[in-house]
1. Of the residues that make up the stretch A:221-235, is at least one under 14 Å from residue A:67 (Cβ atoms) and surrounded by fewer than 22 Cβ atoms within 10 Å (Cβ to Cβ)?
2. Restricting the search to the stretch B:238-267, which residues are buried (at least 20 other Cβ atoms within 10 Å of the Cβ), on the phi > 0 side of the Ramachandran plot and either part of a helix (DSSP H, G or I) or without any contact (Cβ under 8 Å) to a residue 12 or more places away in the chain (or both)?
3. Give A:125, A:133 a once-over and let me know the one that is at pLDDT 95 or above and either within 9 Å of chain B (Cβ to nearest Cβ) or buried (at least 19 other Cβ atoms within 10 Å of the Cβ) (or both).
4. Given the condition over 19 Å from residue B:95 (Cβ atoms), in a helix (DSSP H, G or I) and touching a helix residue (DSSP H, G or I) at 6+ places or on another chain (Cβ under 9 Å), answer yes or no: does some residue in the stretch B:268-277 qualify?
5. Could you list, in sequence order, the residues of the stretch B:54-94 that are surrounded by 16 or more Cβ atoms within 10 Å (Cβ to Cβ) and part of a loop (DSSP other than H, G, I, E, B)?
6. When you check residue B:159 against the structure, is it facing chain A (nearest Cβ under 8 Å) and farther than 29 Å from residue A:276 by Cβ, yes or no?
7. Tally up the residues in the stretch A:239-266 that are in contact with a helix residue (DSSP H, G or I) (Cβ under 7 Å, 6 or more places away or on another chain) and within 14 Å of residue A:67 (Cβ to Cβ), please.
8. Counting only residues that are within 12 Å of chain B (Cβ to nearest Cβ) and not in a helix (DSSP H, G or I), which one in the stretch A:192-232 is modelled with the lowest pLDDT?
């Protein structure tokens, strides 16, 4: 390698420079709009219209306050948070139980059940909205946050069961056998010994349910009607109509909606990259 | 992401079978215990996901009056989709737009993903840094990305046109989302901006799986980096190319939020950005009194198409891989 480098310094340098230009250039394409959003949220709309690209002269959080209070973001935000957290907790809990049994034991029908849970990964679930709407209507769960939580939890199960069962499967047998000899029951082995050992997988599963649910627009659009139950994405559609000339507030709204995800990303970059590439080698 | 897991499950399954054969294998607990562990997930998943999916097929054969299901009408709903105005005109147009969306994404987003995976493969400073930045927009809601880019592309106050003017390219400045010729390409680019990091990560993982000895051998044989990429790395990446293609296909044919944010519920201007997801939503929730029957029929067609083509692609890529071995 190093010999090659030494023999053709000119060409390699050119390639290195080109690579750096491409890498930084695309980084600018990604970060430019994001930085612009932050900068413009801190400037008054008047200034943005005069010059859409610029740094705030006297940064002000007034737009954030306006979006939060006047544009109802405090309502949407806590709806999103409550619904997403509840759904993730519910789906992770039931998936851990199912994943444990499917990962650790073989019994009649276990292969079928694994395949059954797996099938949900491939199915375009939104297409089931008509029967789902009628079902929730019969249960009195249309325009209900609980209804949305149940639907969301169901959508998280296939991925969670898949990931968790494959992690449970990899744990050594000796652990549970020793516990069983000591007289521990199945639930004790699961909760006390096995569950703590799959914590990394739990983190991946939690992050990977949180992001799409927080961002989902389709189900609340169809299933929630009262504005006081709306989540951020649905609230956003009304917000962009009402505040169309108030760009500073629009930018602030985009940031409020995205901030929790940025925080998650910074805390769990590793889990995110691991989950995105689940199934492809390292 | 989850689908990539599904697509590679065969490999995993084989691995586990092997492990099982070696291991002692605990005796399964009693059926009561098994049921206690399995039932919560099974019920939630079945009642709110699998059962409604199955019902879609059944409902498509019935007449609906509002929320009430009426009599059996056979394939009437399916016929209506292709004969009743305006859905009969919107459907083929939206389908075509989804096809453009898919082709455009494959050519732009996934090619860039491969390029950057390759550029970042050679160990160099900042690999993790660039990967993190490139993946960042993936987190943002499709709807937010759409609104963000509709502000960026605004004809009066949008930064994009301003940049073009500053660069002396005023002739290029235009109402990107107001012009039927540029609206859909703009959405495809905004979508690629959001998702490029994902194929990049998949290709990176694929490249990391290729043994260093293979590369070394090729280098000793005097292969240039281009030949190395084209003759060795790309063929070995074929499984990942297959996964990326299938995921792109499924994602693009389900596009909804980003198009809603940039083109509205009707795919403005004048339907130039209308896609199947929007047609489906309008048919179900902005349609006439028999909307639910029609929407169920459309759901069945889209389901069969998306699932059928994905399965076809999986099989096609698998055969292609075998032929290269």
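The values are calculated or read from the model by the stated rules, or taken from the named source; none is laboratory data. As the structure is a prediction and not an experimental result, all values here were calculated from the model. Here the Cβ positions follow ideal geometry from the backbone for every residue, glycine too, while neighbour counts run over all protein chains shown.
1. From the stretch A:221-235, those under 14 Å from residue A:67 (Cβ atoms) are A:232, A:235; that's our starting set.
Remaining after also requiring surrounded by fewer than 22 Cβ atoms within 10 Å (Cβ to Cβ): none.
No: zero hits.
2. None - no residue of the stretch B:238-267 is buried (at least 20 other Cβ atoms within 10 Å of the Cβ), on the phi > 0 side of the Ramachandran plot and either part of a helix (DSSP H, G or I) or without any contact (Cβ under 8 Å) to a residue 12 or more places away in the chain (or both), so the list stays empty.
3. A:133
4. Checking the stretch B:268-277: not a single residue is over 19 Å from residue B:95 (Cβ atoms), in a helix (DSSP H, G or I) and touching a helix residue (DSSP H, G or I) at 6+ places or on another chain (Cβ under 9 Å).
5. Within the stretch B:54-94, B:60, B:61, B:73 meet the criteria.
6. yes
7. Qualifying residue count for the region: 16.
8. It comes out as A:225.
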